[in-house]
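Before I ask anything, here is the structure I am working with.
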Amino acid sequence: MKKLISVCCFLFIILKAFGQTPDSLLKPSPVKMFTDRQFVSLMNGEDIYNMSSSAELNGYPSAQKALKYQKEIGLTAVQIAALNKINTELTRKKIEMGNFMVTNEKKLDALFRSRKVSDGDLIFYTNRYGLYMGELRNAILQASYNTNKLLTTLQVNKLKAYKNDN
């Protein structure tokens, strides 16, 4: 009987271990809404929502990509300085908006956890989240638009030849 119970316990433990998803084995995020990877990406200013795709798919390059291939596309010193400025400001904005989104989600989580959430709270914080997403998308698309204005048609065409690898 002890042998049977031991075998059952062993099988149960093994099945439990194999039943875990990769996400459940990862480091938990400080914010329930986000995975740890999403949280870190937002805090580091990464475009995890592919907000630049409208620009990229229509031939508007990012400043980051233009700077990466500056020698290949023949950027001038003036263009490099302007693109660095665009890229620096965009990175700052993405980090700022990521921090706002994380703070907003923490507040929503706290309201639900404490069971003090109301209709007004939901309207306020979800609309706020939409504003942050809109402001972030605008900053990303404006950066691509302004990058495109800085480059010559030949430079933009050369960039299109490189795989989209931002």
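Go through the stretch 113-123 and report how many residues are in a helix (DSSP H, G or I) and either more than 25 Å from the chain's Cα centre (by Cα) or surrounded by 14 or more Cβ atoms within 10 Å (Cβ to Cβ) (or both).
Step one: filter the stretch 113-123 for residues in a helix (DSSP H, G or I), giving 113, 119-123.
Narrowing further to those that are either more than 25 Å from the chain's Cα centre (by Cα) or surrounded by 14 or more Cβ atoms within 10 Å (Cβ to Cβ) (or both): 113, 119-121.
Residues in the stretch 113-123 being in a helix (DSSP H, G or I) and either more than 25 Å from the chain's Cα centre (by Cα) or surrounded by 14 or more Cβ atoms within 10 Å (Cβ to Cβ) (or both): 4 in total.
Okay, next question. Just give me the residues in the stretch 147-166 being surrounded by fewer than 19 Cβ atoms within 10 Å (Cβ to Cβ) and either of a type outside the set (A, V, I, L, M) or modelled with pLDDT under 95 (or both), in sequence order.
Within the stretch 147-166, Lys149, Thr152, Thr153, Asn157, Lys158, Lys160, Ala161, Tyr162, Lys163, Asn164, Asp165, Asn166 qualify.
Looking only at the stretch 71-86, how many residues end up being farther than 13 Å from Thr152 by Cβ and surrounded by fewer than 17 Cβ atoms within 10 Å (Cβ to Cβ)?
Final tally of qualifying residues: 7.
Go through (1) within 20 Å of the chain's Cα centre (by Cα); (2) on the phi < 0 side of the Ramachandran plot; (3) surrounded by fewer than 18 Cβ atoms within 10 Å (Cβ to Cβ) and name the single condition Ala110 misses.
Only one criterion in (1) within 20 Å of the chain's Cα centre (by Cα); (2) on the phi < 0 side of the Ramachandran plot; (3) surrounded by fewer than 18 Cβ atoms within 10 Å (Cβ to Cβ) is unmet by Ala110, namely (1).
Being within 30 Å of the chain's Cα centre (by Cα) and charged (D, E, K, R) is the filter; apply it to the stretch 9-36 and report the residue that is modelled with the lowest pLDDT.
Ranking the candidates gives Asp23 first.
Turning to a different aspect of this structure: Looking only at helices (runs of 4 or more DSSP H) that fall completely inside the stretch 51-104, which ones have 1 or more residues that are under 29 Å from Phe39 (Cβ atoms) and at pLDDT 95 or above?
On the way: elements: 53-57, 63-68, 70-73.
So the answer is 53-57, 63-68.
Could you tell me which numbered condition Phe39 fails, if it satisfies all but one of (1) modelled with pLDDT of 95 or more; (2) assigned to a helix (DSSP H, G or I)?
(1)
The values are calculated or read from the model by the stated rules, or taken from the named source; none is laboratory data. Fair warning: this is a prediction, and the values are worked out from it, not measured in the lab. In this analysis, Cβ positions are derived from the backbone assuming ideal geometry, glycine residues included, and neighbour counts consider all displayed protein chains.
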